[in-house]
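The values are calculated or read from the model by the stated rules, or taken from the named source; none is laboratory data. The model shown is predicted, which means the values in this text are computed figures rather than measured ones. Reconstructed Cβ throughout: ideal geometry from the backbone, glycine too, with neighbour counts over all protein chains shown. With ligands, DNA and RNA removed, areas are computed over all heavy atoms of the protein, side chains included. Shrake-Rupley method; radii C 1.70, N 1.55, O 1.52, S 1.80 Å.
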Amino acid sequence: IAGNSVFSTAAILKPLQIARQGVFSREVLQRDVLTLADRYSERGYLFADIAPVINTDRENHIVDVGLDISEGKQVFLERIEVSGNTKTRDKVVRREIPLNEGDLYNSRLLARGRQNLSNLGYFEDVKIETRRGTLEDRVDIDVMVKEKPTGSFSIGGGFSSIDGLMGSGSITQNNFMGLGQRISLSGQLGARATRFALNFFDPHILDTETSLDTSLFNQR
């Protein structure tokens with residue numbers, strides 16, 4: 001191992017699978033290179049270059065493998081651009097990414113942000129791409145989303161020995177006004193009973209980490 005200063009040689013060798021194979025495999029070596037590149041990008045070294053150096057002793061069927069590492073500089077986020085959100089507000093997208101403009105680049109946190117956005121259920125597709133910023137140690141992040149319907153409606157009817165003939169319906173919007181809030185209204189009308197319920201849920205009330213869940217109901 002040559003050129004490493006961020007990680008010790010022991011720390012670099014530890015996750016490598018090629019060292020445990022016994023039999024040389026270029027495919028395994030390539031996966032190891034990608035693994036190391038990910039570790040560097042988690043520390044902000046997005047442009048670290050890891051070049052395998054292979055020396056083959058054909059007579060003795062032995063391969064020596066070296067890694068020539070050029071770590072480069074740590075990079076910081078200059079801008080986070082959000083696109084494709086025709087309904088969802090920018091702040092709803094941004095708050096799911098655990099990085100802010102000016103922070104040190106971290107590929108692990110960026111991957112978590114992508115997963116957070118997918119878990120919302122507001123988007124059909126989520127892509128995050130990185131491009132160079134205005135300076136050598138700056139990068140921009142492009143967050144591209146594709147909206148999908150977030151509302152649902154249901155209606156039904158039936159007969160109960162307790163309530164008699166009854167009808168029911170509900171309507172739910174999981175991304176109310178693009179603010180990431182959920183609101184739902186449900187009702188049941190019967191010959192002997194009437195029930196209504198209104199629920200409102202905000203996972204980030206006033207843009208904080210505190211959530212609000214409240215319900216109003218009427219039953220007769």
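Remarks
- Looking across region 68-127, the residues that are free of Cβ contacts under 8 Å to residues at least 60 places away in the same chain and basic (K, R) come down to R94, R112, R114, K127.
- Residues that are closer than 20 Å to Y122 by Cα and among the polar types (S, T, N, Q) within region 168-207 comprise S170, T172, Q173, N174, N175, Q181, S184, N199, listed in sequence order.
A quick yes/no check of all residues on (1) surrounded by fewer than 16 Cβ atoms within 10 Å (Cβ to Cβ); (2) among the aromatic types (F, W, Y); (3) in contact (Cβ under 8 Å) with a residue 24 or more places away in the chain; (4) assigned to a strand (DSSP E or B):
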residue	(1), (2), (3), (4)
V143	no, no, yes, yes
M166	no, no, yes, yes
I171	yes, no, no, yes
N174	no, no, yes, yes
R182	no, no, no, yes
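- Test for N116: is it farther than 30 Å from I1 by Cα and open to solvent by 80 Å² or more (accessible area, probe 1.4 Å): no
- Note on region 16-53: residues that are over 18 Å from N106 (Cβ atoms) and in contact (Cβ under 8 Å) with a residue 24 or more places away in the chain amount to 4.
- The set of residues from region 151-210 being hydroxyl-bearing (S, T, Y) and over 22 Å from the mean Cα position of the chain (by Cα) comprises S152, S154, S160, S161, S168, S170, T172, S184, S186, T194.
- Scan of region 184-212 for residues that are over 19 Å from D90 (Cα atoms), touching a strand residue (DSSP E or B) at 6+ places or on another chain (Cβ under 6 Å) and either assigned to a loop (DSSP other than H, G, I, E, B) or charged (D, E, K, R) (or both), ordered by number: A191, R192, R195
- The one condition in (1) surrounded by 15 or more Cβ atoms within 10 Å (Cβ to Cβ); (2) touching a residue at least 40 places away in the same chain (Cβ under 8 Å) that A197 fails to fulfil: (2)
- Of everything listed in (1) open to solvent by less than 60 Å² (accessible area, probe 1.4 Å); (2) touching a Lys or Arg at 6+ places or on another chain (Cβ under 9 Å); (3) over 30 Å from R43 (Cβ atoms); (4) in a strand (DSSP E or B), the single unmet condition for G158 is (2).
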